[in-house]
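Asker: Questions regarding the structure given below will be posed in turn.
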Amino acid sequence: MKIVYPILFAFWYLLSLLPLWLLYVIADILYYPLYYLARYRRRVVRKNLIHSFPNKSLQEIISIEKGFYAFFCDYVVESIKLFTLSEKSMKKRMVFSGMDRVEKSMETHKLCFAYLGHYGNWEWITSLPLWASSDVKCGQIYHPLENVAVDKLFLRLRGRFGAQSISMKETLRVIAQYRKRKQKAIVGFISDQTPTWNSIHHWVDFLEQDTPVFTGTERIAKKVGATAFYGKVTRVKRGYYTCEFIPLSLATKEIPDYGLTDMYMQQLEEMIKESPCIWLWSHNRWKRQRTAKKQQSLKK
């Protein structure tokens, strides 16, 4: 890793110095080998789209599929550019709204949890500290990457504007520290991936499919008395996004079990249907089935 990281860092840094318009040209070129030659996860993407939009024709499915791969190439070069993008340019390209509602909620509740998804450029969401008051700590929960060098690079990337990356295993400890210090904090949770078998406690009807969901965000929010907001992301045009913070609950302890999770999944589904190309369809989201869960329980 000692050798790999400096090489990776130098390569990434030099690429990030290119103007964004040129990086988009690279993205346009990259699309063709990725989609037609490497066929990166094409089978997973096609299956996910067909099951999520059963009423769409094959032609419509392929159109969304191609739109996703084109966007994914944009996501890659935009993430590279994040390495050297100025604060001024970042604030122009990633605009947050609803911050007044979030900070007002902190008058009575110091902690705010923001539900997010792998939608739009989630790496640019880490620029939130540029929009928050100086006394508000911003952080995001992340799952460490297997490649140590790449993980170190992304940690550097996600912390460029002052956001703290919190490992999933450290989530409760760090948030407990915030609470103990009465620290105002906005913590982002990207909760649209597949939980492990042992972590499945709730299922929802999501994009026409029976879907297991993470409930840890809700449990921790209730435990520490955090408010809950949803980050609705819109891609205005290429290289420009907005993220609106929509309140889900200012009194999470009063919400029935799984109610907060259900609200999040409903908001996420509506957002995906509005512009399906910019969600992460390459993730094998529905690899766990409820029938398999029941069979596993019976074996025990």
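Asker: Normalised by the number of residues in the stretch 4-284, what is the relative contact order in percent for Cα pairs under 8 Å and 6+ residues apart?
Answerer: Normalised by residue count, the contact order of the stretch 4-284 is 24 percent.
Asker: Quick check: the distance between the Cα centres of the stretch 57-76 and the stretch 107-173, to the nearest angstrom?
Answerer: Comparing the Cα centres of the stretch 57-76 and the stretch 107-173, I get a distance of 27 Å.
Asker: Which residues' amide hydrogens lie under 5 Å from the amide hydrogen of ASP192, considering only partners 5 or more residues apart or on another chain, with H built in the peptide plane?
Answerer: Under 5 Å from the amide H of ASP192 lie the amide H atoms of HIS118, each far enough along the sequence or on another chain.
Asker: On to the next question. Near the amide H of CYS138, under 5 Å away, which other amide H atoms are found, from residues 5 or more places off or on another chain, if H is placed in the peptide plane?
Answerer: Distant-sequence amide H within range of CYS138: GLN164, ILE186.
Asker: So how far apart, in nm, are the two label points at ARG156 and LEU22 if each is 7 Å from Cα heading toward Cβ?
Answerer: 2.1 nm
Asker: Identify which of the listed values of mean projected area of the Cα convex hull in nm² was calculated from the structure shown: (i) 15.7; (ii) 17.2; (iii) 14.5.
Answerer: Matching entry in (i) 15.7; (ii) 17.2; (iii) 14.5: (ii).
Asker: Right, here's the next one. So, in nm, how far is label HIS51 from label LYS66 when the simple model puts each one 7 Å beyond its Cα toward the Cβ?
Answerer: With each label placed 7 Å out from Cα toward Cβ, I get 2.6 nm.
Asker: Turning to a different aspect of this structure: Over 31 Å between Cα atoms: which of LYS56/LYS222; LYS81/LYS222; LYS88/LYS137; LYS184/LYS232 fall into that group? Provide the component values of the computation, followed by the final result.
Answerer: On the way: LYS56/LYS222 39 Å; LYS81/LYS222 37 Å; LYS88/LYS137 20 Å; LYS184/LYS232 22 Å.
Those over the limit are LYS56/LYS222; LYS81/LYS222.
Asker: Give the aspartates and glutamates whose C-alpha is closer than 17 Å to that of LYS287, dropping any in the same chain fewer than 8 places away, or say none.
Answerer: Straight-distance partners of LYS287: ASP192, ASP205, GLU208, ASP210.
Asker: Here's something else I'd like to know. Hey, got a sec? Which GluC sites (Glu not before Pro) in the stretch 70-142 land in a DSSP loop and have at most 13 other Cβ atoms within 10 Å?
Answerer: Numbers: sites: GLU78, GLU87, GLU103, GLU107, GLU123; in loops: GLU107, GLU123.
Counting only loop positions with at most 13 other Cβ atoms within 10 Å, the GluC sites (Glu not before Pro) in the stretch 70-142 are GLU107.
Asker: Quick one: Karplus J couplings for the stretch 178-187, per residue in order, coefficients 6.51, -1.76, 1.60, θ = phi - 60°, nearest Hz, x for Gly and Pro?
Answerer: Taking θ as phi minus 60°, the curve returns 4, 5, 5, 7, 6, 7, 5, 8, 10, 10 Hz for the stretch 178-187.
Asker: I would also like to ask the following. Would you mind computing, in nm to one decimal, how far apart the modelled labels at GLU87 and ALA10 are, each placed 7 Å from Cα along Cα→Cβ?
Answerer: With each label placed 7 Å out from Cα toward Cβ, I get 3.1 nm.
Every number here is computed from the coordinates shown, using simple stated rules; none is lab data. None of these values were measured; they are calculated from a predicted model. All Cβ positions, glycine included, derive from the backbone under ideal geometry; neighbour counts span all protein chains shown.
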